[in-house]
1. Just one of 27, 59, 35 is more than 19 Å from residue 99 (Cβ to Cβ) and out of contact with any helix residue (DSSP H, G or I) (no Cβ under 7 Å at 6 or more places or on another chain); which is it?
2. Looking for something surrounded by 14 or more Cβ atoms within 10 Å (Cβ to Cβ) and closer than 24 Å to residue 88 by Cβ - is there at least one such residue anywhere in the stretch 23-41?
3. Quick check on residue 20: is it within 20 Å of residue 97 (Cβ to Cβ), assigned to a loop (DSSP other than H, G, I, E, B) and either under 13 Å from the mean Cα position of the chain (by Cα) or modelled with pLDDT of 95 or more (or both)?
4. Being touching a helix residue (DSSP H, G or I) at 6+ places or on another chain (Cβ under 8 Å) and modelled with pLDDT of 95 or more is the filter; apply it to the stretch 77-90 and report the residue that is nearest to residue 30 (Cα to Cα).
5. Going residue by residue through the stretch 91-109, is there one that turns out to be under 20 Å from residue 9 (Cβ atoms), at pLDDT below 95 and part of a helix (DSSP H, G or I)?
6. Quick one: count up the residues across the stretch 47-63 that are part of a strand (DSSP E or B) and surrounded by fewer than 18 Cβ atoms within 10 Å (Cβ to Cβ).
């Protein structure tokens, strides 16, 4: 079974907390809906493009990678930038949400659309 993941930018999380739709405490996102499903938050980046808009030799643009994955690849991150093999990338910092209860909804994105947005 594949682990379901969803990327949240920091600004999206902030908006949902302010709207009273979720709470975040010690790396755990809890939906303030029936059943209060919870998700572990892993620091991650959505890689947008190369910093100079040049072709992407590593094919990372458009990908979502956890900080751990980037470290294992030998990439470095700082604020909204990633450096990989001497190429600078613009990235959106955020988190990958991984459900804590494997018996939870199979399609996390649909669940979120129905219950939070």
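The values are calculated or read from the model by the stated rules, or taken from the named source; none is laboratory data. The structure presented is a predicted model; accordingly, all values stated were derived computationally and were not measured. Here the Cβ positions follow ideal geometry from the backbone for every residue, glycine too, while neighbour counts run over all protein chains shown.
1. Only one candidate passes the filter, namely 59.
2. No, the stretch 23-41 contains no residue that is surrounded by 14 or more Cβ atoms within 10 Å (Cβ to Cβ) and closer than 24 Å to residue 88 by Cβ.
3. Spelling it out, it is not the case that residue 20 is within 20 Å of residue 97 (Cβ to Cβ), assigned to a loop (DSSP other than H, G, I, E, B) and either under 13 Å from the mean Cα position of the chain (by Cα) or modelled with pLDDT of 95 or more (or both).
4. Only one residue tops the list, namely 82.
5. Checked against the condition, which is being under 20 Å from residue 9 (Cβ atoms), at pLDDT below 95 and part of a helix (DSSP H, G or I), the stretch 91-109 yields at least one hit.
6. 2
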